[in-house]
Amino acid sequence: MDDSHGFDLVAAEPLDDVMQKIAEHKGCGTTSGSSGKASCGSSDGPEDMAPEIWEKVKNHPCYSEEAHHHYARMHVAVAPACNIQCNYCNRKYDCANESRPGVVSEKLSPEQAAKKVLAVASTIPQMTVLGIAGPGDPLANPAKTFKTFQLISKTAPDIKLCLSTNGLALPDHVDTIAAFNVDHVTITVNMTDPEVGAEIYPWIFWKHKRVTGKEAAKILTDRQLQGLEMLTERGILCKINSVMIPGINDQHLVEVNKAVKSRGAFLHNIMPLISAPEHGTVFGLNGQRGPSAQELKALQDSCEGEMNMMRHCRQCRADAVGLLGEDRSAEFTTEKIMEMDVSYDLKSRQEYQSAVEEQRQAKVAAREAELATLQDAEASDIKVLVAVATKGQGQINEHFGHAKEFQIYELSTSGAKFVGHRRVDLYCQGGYGDEDSLETVIRAINDCVAVFVAKIGGCPKNDLIKAGIEPVDQYAYEFIEQSAIIYFKEYLERVKRGEIEHVQRGDAQIRQGALIEA
Ligand code: CLF
Ligand code: SF4
């Protein structure tokens with residue numbers, strides 16, 4: 001959806017007519033490939049892209065890294081069925097302590113979903129995007145998916161609609177997606193080589209029968225790339241999600257990156273495999289490991305020359321609600337929303353978002369001012385990573401002991417660049433520090449030279465220093481990037497004066513799964 005929200009086109013039609021069109025849709029013919037277009041980085045701002053693209057991404061937390069500090073998304077779990085099987089997926093599993101795509105606590109009807117969206121939008125005014133991402137494949141459930149979009153576009157026209165699909169059915173639905181002004185579509189593309197695909201997908205359901213092996217993978221990749229071309233030809237922004245599976249597609253994803261870029265994809269999101277035996281997935285049961293933090297970053301870095309990368313994905317549940325680094329879905333169970341008195345106040349949402357924009361501009365201005373001073377620093381090829389405890393708004397505003405994740409920034413003479421996040425166990429447990437948790441935190445940020453926090457106690461401070469990670473609380477409640485640049489200038493000075501020695505840090509561990517509220 002672009003922010004012109006041309007829903008009148010669809011809203012003018014009775015819902016049954018729209019559903020009938022969906023049912024009758026015969027699929028689209030093969031289209032010629034479009035040439036690659038310049039894509040814009042997820043951290044980029046309005047000066048880096050065409051105005052119409054900026055309008056589409058500026059408050060989408062997944063398509064703009066910068067926006068994800070300020071704006072929230074929600075998913076509604078209206079699409080239970082899937083038309084393929086991935087070796088990393090088991091939708092039967094749900095646990096209050098685990099979180100990953102495909103997992104939900106409740107499935108919703110389109111009507112329940114519409115009520116939930118209004119309830120969330122009234123409570124969280126910075127919620128700007130409604131995504132349908134499962135728990136199965138939205139386009140294997142087209143009637144429910146498009147009915148949900150229809151209901152929401154009528155009642156909450158300021159909310160962007162977003163869709164995430166495996167792509168098998170995508171070419172059949174591109175026209176409907178365009179008609180509903182769904183302007184952000186994610187396709188999960190893990191391979192373009194059927195040999196690789198056969199190791200990831202045991203089967204697909206195609207033309208009323210189950211197809212397996214390389215034949216299945218060939219059909220899937222053809223449909224995904226065809227769907228991508230059709231979407232980009234219509235000006236719909238496409239993001240590609242790829243799951244990095246070491247030993248299976250890690251090397252191959254560089255080829256995937258080129259293939260999707262040449263077909264006009266806007267952004268590539270390479271995510272680590274989530275795999276544990278207790279998930280009951282094929283990969284979990286056969287011991288397939290996920291990548292380490294450095295392996296993931298190295299692959300993302302190598303693809304970045306070809307295309308801009310998303311590095312802030314939280315691998316959300318199909319019913320996630322809130323900022324990407326939080327999950328407030330427990331506040332909006334069906335039981336709770338049915339009891340809520342919902343009033344959708346567009347004007348106060350817009351006022352709130354205007355205030356958010358002012359704060360956002362202040363943050364960007366502070367970063368730019370500090371960046372200008374960095375350009376006076378002596379040339380240096382030193383690069384360091386730092387971890388940041390934040391609750392959002394682009395500020396260092398979380399206590400060390402309360403952080404459930406740390407955001408990771410790479411600092412160099414080019415500035416402060418967001419390169420990822422690390423989920424951790426809470427250190428503070430009912431007023432006491434938990435030593436076991438501290439070890440997991442240190443493992444998660446072991447590749448960082450410093451951790452920026454709003455506050456930190458004496459014990460963890462000492463243990464971090466012993467581990468070679470400098471605890472930094474002097475920038476409490478300041479903007480992250482501005483503070484990080486100031487810190488980096490001092491770091492270079494300290495190295496120059498011989499006060500500290502710059503050494504390469506080791507690797508770090510990626511904790512499995514996305515974040516949910518306890
Ligand atoms: Fe949802 Fe996906 Fe839309 Fe975002 S999520 S449908 S594009 S609104 Fe975002 Fe979540 Fe990563 Fe997806 S952080 S899993 S990339
Ligand atoms: Fe699971 Fe999504 Fe794969 Fe379907 S496409 S099997 S829902 S991960």
Legend entry - Distance in nm between pseudo-label sites at THR212 and TYR352 (7 Å out along the Cβ direction from Cα): 5.1
Legend entry - Helix runs (DSSP H) in the chain reaching 18 Å along axis by Cα, Kyte-Doolittle at least 0.0: 110-123
Legend entry - DSSP-defined antiparallel bridges as percent of all bridges, segment 377-496, nearest 5: 70
Inset, instruction - Quote the FRET efficiency, to the nearest 0.05, computed for SER414 versus ASP222 with a Förster distance R0 of 51 Å and r equal to the Cβ-Cβ distance. - result: 0.80
Legend entry - Fully extended contour minus Cα-Cα distance, from ASP193 to ASN286, at 0.36 nm per residue: 31.2 nm
Inset, instruction - State the percentage of accessible surface on segment 15-339 attributable to carbon and sulfur atoms; use a 1.4 Å probe and exclude ligands, DNA and RNA. - result: 51
Inset, instruction - Rounded to the nearest Å, what's the spacing between the alpha carbon centres of segment 53-76 and segment 282-339? Just the number, please. - result: 15
Legend entry - Cα centroid separation - segment 219-241 against segment 363-396, whole Å: 36
Inset, instruction - Take peptides 402-411, 291-300 and line them up by average Cβ neighbours within 10 Å, highest first, as a rough protection proxy. - result: 402-411, 291-300
Inset, instruction - Within segment 398-427, which residues have the backbone N less than 19 Å from the label spot 7 Å out from SER380 along Cα→beta-carbon, could you tell me? - result: 409-418
Inset, instruction - Provide the gained length on full extension for the span ALA365 to LEU426, in nm with one decimal, where the gain is 0.36 nm per separating residue minus the Cα-Cα distance. - result: 18.7 nm
Inset, instruction - Could you point to the residue in TYR71, GLY264, ALA217 farthest towards the positive end of the chain's charge dipole, with +1 and -1 charges on the Cβ of Lys/Arg and Asp/Glu respectively? - result: ALA217
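Rounded if a/c is under 1.5, else prolate if a/b beats b/c, else oblate: with a ≥ b ≥ c from the C-alpha gyration tensor eigenvalues square-rooted, which is segment 15-339?
The shape class here is rounded.
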Legend entry - For the chain, calculated [θ]222 nm from helices alone, where every DSSP H run of n ≥ 4 adds -39500 (n - 2.57): -10500 deg cm²/dmol
Legend entry - Dipole of the chain, positive end: most advanced residue of GLY290, GLY458, HIS402 [Cβ charges, Cα centre]: GLY290
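Excluding ligands, DNA and RNA, what is the solvent-accessible area per residue of segment 377-496 at a probe of 1.4 Å, expressed in Å²?
Values: 4910 Å² over 120 residues.
Per-residue accessible area for segment 377-496 comes out at 41 Å².
The values are calculated or read from the model by the stated rules, or taken from the named source; none is laboratory data. This is a predicted model, so every value here is computed, not measured. All Cβ positions, even for glycine, are placed from backbone atoms using ideal geometry, and neighbour counts span all protein chains on display. Accessible surface is based on the protein model in full, side chains and every heavy atom, while ligands, DNA and RNA are left aside. Shrake-Rupley method; radii C 1.70, N 1.55, O 1.52, S 1.80 Å.
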